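No value in this document is a laboratory result; all are computed from the given coordinates. The structure presented is a predicted model; accordingly, all values stated were derived computationally and were not measured. Every residue, glycine as well, gets a Cβ built from its backbone with ideal geometry; the counts of neighbours run over all protein chains shown.
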Amino acid sequence: MLQGRIDAAKVRDIIAAFLPVASMDEVFLCGPEGMIDATEKTLLEAGVPASRVYTERFSAAAPPRRWSSRHRRAKSRSFTRPGKG
């Protein structure tokens, strides 16, 4: 239960086993966006007031635009140090 990515089922299990909703004064969540969305939703469904849940989500930057063929060629070049061949 305490290993791996946190999902809705794990949140429910943790609430049932260790952390009743009534004991939660504030909940601070930080992590990947999908994990935080699922965790926050489950906490709210369990009865934690939204005003007591604070989140910070990590997200990946948008993928870069497609590189031109000039950039692809430059990316694959190799260099040698003077005197090393």
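Within region 1-12, the residues that satisfy the criterion of being surrounded by 13 or more Cβ atoms within 10 Å (Cβ to Cβ) and farther than 17 Å from residue 57 by Cβ are 10, 12. Looking at region 7-30, which of its residues are touching a residue at least 12 places away in the same chain (Cβ under 8 Å) and touching a Leu at 6+ places or on another chain (Cβ under 9 Å)? 11, 14, 15, 21, 24, 27, 29 - these are the residues of region 7-30 that are touching a residue at least 12 places away in the same chain (Cβ under 8 Å) and touching a Leu at 6+ places or on another chain (Cβ under 9 Å). For region 13-42, residues that are closer than 18 Å to residue 58 by Cβ and crowded, with 16+ Cβ neighbours inside 10 Å total 7.
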